[in-house]
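Below you'll find the structure, written out as structure tokens, and then a few comments.
The values are calculated or read from the model by the stated rules, or taken from the named source; none is laboratory data. The structure displayed is predicted, hence computed values, not measured ones. Note that each Cβ is placed from the backbone with ideal geometry, even for glycine, and that neighbours are counted across all protein chains shown.
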Amino acid sequence: MKQKDFVFNICFLLFLNLLVKPFWILGVDVGVQNQVGAETYGLYFAVLNFTFMFNILLDMGTTNFNNRNIARNNQLLEKHLSSIVILRLLLAVIYMAVIFTVALAIGYRGLMLKLLFWISINQFLNAFLLYLRSNVSALLMFKTDSVLSVLDRMLMILFCGLLLWGNITREPFRIEWFVYCQTAAYTIAVLVALVIVVYKSHLRKLTWNGPFFLMIMKRSLPFAALYLLMACYNRIDSVMIERMLPVDIASTQAGIYASAFRLLDALVMIAYLFSVILLPLFSKMIKEREDIQPIVRTSFSLLFVFAISAVVILLGYKEPVISLLYDEHVAASVAVFSILIPCIIPTSFTYVFGTLLTANGSLKKLNITALVGILVNIVVNLIMIPLWHARGAAVASLCTQSVVSLLQFIIAMRELKVPMRTLPWLSCLLFITLLVPTVVIASRHLHIHVLYSLILMLGAAFVYGIATRLIDLRALRSTLIPKS
């Protein structure tokens, strides 16, 4: 039953996100960059990633701690909610003070400071929304959480779409409008999530509880350290590009990196959705000493098909895909994209094995892997960015994600005593053997529109997934079409 529930919930979550987020990322986000230009968008992108690096101050690990703890002890929801909300408001004040102090110290001025203020507000709202959603998913209300996961993006599409294509203003689109739309969308989504969580928890009032704050902070500290290290090695690349390169090319190179990173970020979000369901599910199963091997095999198999398919197909069609999306710096974006897009594979697997270690409470080992990751990332960036600019940052990202993923895989298999034979290695090899030549032949000899080619290749990947039994068609059928 656990496996059936997992498959149904992940299908529903993926359906909603695939309905909304591709249009947000490939329509609205790309539309904004094409409107304002790579240089201006690169400036925004660098500031955005700068704020991501300090996001731990908004959370201090409370979201992951809360998700794992409430999944195991539902009765603690009201007590935790009443105190953690106050704690997070205090953390928001500290966050704002820290990021502006650092920003001024490293030379942020003018438009960068204006963007920094509003983006930091958005980061607070987004972090608060994720915390509220952690309560919803911890209660195993996965359908409600699935709707909440796309609500903010649906609103952003509406607001930005009106400004981009609605002819409601005669002024050229400004990057500040993009940020304001996000603020409005996050605010509405937070209010909706807050109403749901308050209703489910029967919260009557917020409580100032000093000892409880200290206990939460102490128990969340390993999660906080992990988040800080992961945020650094995931988001520092564009910041280092913008700060390390000469002023006349820095923002443009950051914009080129953003062009390639956008598709990676969109696809990684699909893998991330697995962790949203896997973390509370693994936590509960480990506590109740249930067999986790079927869920590990299923999640690994599905993510393997997804990650390998995405990388092979996008590398086969990299030039037409980038040309379809962007108006400028196409050749440079393709070069970065070729190095960056394979990061989908290691990153996807961290959402299985890293999540498994988080659910098991193996935070010390996870923090060690993250520390190794940030060291690899910074060293490779320092060497490669001056030589290859945005391509150098892409090399650093691929090296980092590969090292972290491999370490987490080895540790998780040993810690949880999952036999290597649990994973379908032969099926994985057969899937690659079938897919790679299909994409190579089709990309060279199938002369149809790129969108039709991509759809055909995705269909072929799905068929190969079924043929190799990485996708269990019977399980999907029984899950999605219940017996009468």
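Scanning region 422-451 for residues that are surrounded by fewer than 16 Cβ atoms within 10 Å (Cβ to Cβ), modelled with pLDDT of 90 or more and of a type in the set (Ser, Thr, Tyr) yields a count of 1. Restricting to region 265-294, name every residue that is more than 21 Å from the chain's Cα centre (by Cα) and in contact (Cβ under 8 Å) with a residue 40 or more places away in the chain. Selection gives LYS284, MET285, ILE286, LYS287, GLU290, ILE292, GLN293, PRO294.
Rundown of residues vs (1) touching a strand residue (DSSP E or B) at 6+ places or on another chain (Cβ under 9 Å); (2) assigned to a loop (DSSP other than H, G, I, E, B); (3) in contact (Cβ under 8 Å) with a residue 60 or more places away in the chain; (4) surrounded by fewer than 21 Cβ atoms within 10 Å (Cβ to Cβ), yes/no style:
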{"residue": "CYS181", "(1), (2), (3), (4)": "no, no, no, no"}
{"residue": "ALA185", "(1), (2), (3), (4)": "no, no, no, no"}
{"residue": "ILE196", "(1), (2), (3), (4)": "no, no, yes, yes"}
{"residue": "PHE213", "(1), (2), (3), (4)": "no, no, yes, yes"}
{"residue": "LEU226", "(1), (2), (3), (4)": "no, no, yes, no"}
{"residue": "ARG243", "(1), (2), (3), (4)": "no, no, yes, yes"}
{"residue": "GLY255", "(1), (2), (3), (4)": "no, no, yes, no"}
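Apart from one condition, GLU290 fits all of (1) closer than 29 Å to LEU130 by Cβ; (2) part of a helix (DSSP H, G or I); (3) modelled with pLDDT under 90; the exception is (2).
Which residue, of LEU371, LEU375, is over 23 Å from ILE455 (Cα atoms), surrounded by fewer than 22 Cβ atoms within 10 Å (Cβ to Cβ) and under 20 Å from the mean Cα position of the chain (by Cα)? So that I can check it myself, show each step before the final result.
Numbers: LEU375 fails: under 20 Å from the mean Cα position of the chain (by Cα).
LEU371 is the lone residue from the list that is over 23 Å from ILE455 (Cα atoms), surrounded by fewer than 22 Cβ atoms within 10 Å (Cβ to Cβ) and under 20 Å from the mean Cα position of the chain (by Cα).
For region 25-38, the tally of residues that are surrounded by fewer than 22 Cβ atoms within 10 Å (Cβ to Cβ) and either among the small types (Gly, Ala, Ser) or modelled with pLDDT under 85 (or both) stands at 5.
For (1) polar (S, T, N, Q); (2) under 25 Å from the mean Cα position of the chain (by Cα); (3) under 17 Å from LEU303 (Cα atoms), each residue gets a yes or a no:
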site: GLN401; (1), (2), (3): yes, yes, yes
site: LEU406; (1), (2), (3): no, yes, yes
site: ILE411; (1), (2), (3): no, yes, no
site: ARG421; (1), (2), (3): no, no, no
site: VAL439; (1), (2), (3): no, no, no
site: HIS449; (1), (2), (3): no, no, no
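State whether the residues of region 216-225 include one that is within 30 Å of LEU113 (Cβ to Cβ) and under 22 Å from the mean Cα position of the chain (by Cα). Within region 216-225, one or more residues are within 30 Å of LEU113 (Cβ to Cβ) and under 22 Å from the mean Cα position of the chain (by Cα). Take TYR257 and tell me if it is touching a Ser or Thr at 6+ places or on another chain (Cβ under 9 Å) and within 24 Å of GLY361 (Cα to Cα). So TYR257 does not fit the description; no. When the residues of region 143-162 are filtered to those that are at pLDDT 90 or above and more than 17 Å from PRO22 (Cβ to Cβ), the one that is surrounded by the fewest Cβ atoms within 10 Å (Cβ to Cβ) is LEU162.
Here LEU58 passes the criteria (1) more than 16 Å from the chain's Cα centre (by Cα); (2) modelled with pLDDT under 75 except the one numbered (2).
ASN135 fulfils the conditions (1) among the polar types (S, T, N, Q); (2) crowded, with 19+ Cβ neighbours inside 10 Å; (3) more than 18 Å from the chain's Cα centre (by Cα); (4) at pLDDT 90 or above except for a single criterion, (4). Checked across region 388-408, the condition of being hydrophobic (A, V, I, L, M, F, W, C), modelled with pLDDT of 90 or more and exposed (fewer than 15 other Cβ atoms within 10 Å of the Cβ) holds for no residue. The listed residues are SER283, SER333, and the only one of them that is polar (S, T, N, Q), part of a helix (DSSP H, G or I) and closer than 30 Å to MET457 by Cβ turns out to be SER333. Contact map, region 13-33: first residue in a helix (DSSP H, G or I), second residue aromatic (Phe, Trp, Tyr) and surrounded by fewer than 18 Cβ atoms within 10 Å (Cβ to Cβ), Cβ cut-off under 8 Å, separation 6 or more or different chains; pairs are GLY31/TRP165; VAL32/PHE173. Looking only at region 354-409, residues that are among the polar types (S, T, N, Q) and farther than 26 Å from ARG262 by Cα come to 4 in all.
Can you name the residue in region 160-179 that is assigned to a loop (DSSP other than H, G, I, E, B) and of a type in the set (A, V, I, L, M, F, W, C) and is also farthest from GLY42 (Cα to Cα) among such residues?
At the first step, the residues of region 160-179 found to be assigned to a loop (DSSP other than H, G, I, E, B) are 166-174.
Still in the running and of a type in the set (A, V, I, L, M, F, W, C): 168, 173.
Details: ILE168: 26, PHE173: 16 Å.
In this case the residue turns out to be ILE168.
Scanning region 223-238 for any residue that is in contact with a Ser or Thr (Cβ under 8 Å, 6 or more places away or on another chain), under 30 Å from GLN33 (Cβ atoms) and modelled with pLDDT of 80 or more turns up at least one such residue.
When you scan region 454-473, how many residues do you find that are aliphatic (A, V, I, L, M), closer than 22 Å to THR422 by Cα and over 26 Å from the mean Cα position of the chain (by Cα)? Walk me through it before giving the result.
Initial filter on region 454-473 (aliphatic (A, V, I, L, M)): 454-458, 460-461, 463, 466-467, 470-471, 473.
Those still in the list that are closer than 22 Å to THR422 by Cα too: 466-467, 470-471, 473.
Restricting the remaining residues to those that are over 26 Å from the mean Cα position of the chain (by Cα) gives 466-467, 473.
Residues in region 454-473 being aliphatic (A, V, I, L, M), closer than 22 Å to THR422 by Cα and over 26 Å from the mean Cα position of the chain (by Cα): 3 in total.
Scanning region 95-128 for residues that are of a type in the set (D, E, K, R) and either surrounded by 19 or more Cβ atoms within 10 Å (Cβ to Cβ) or assigned to a helix (DSSP H, G or I) (or both) gives a single hit, LYS114.
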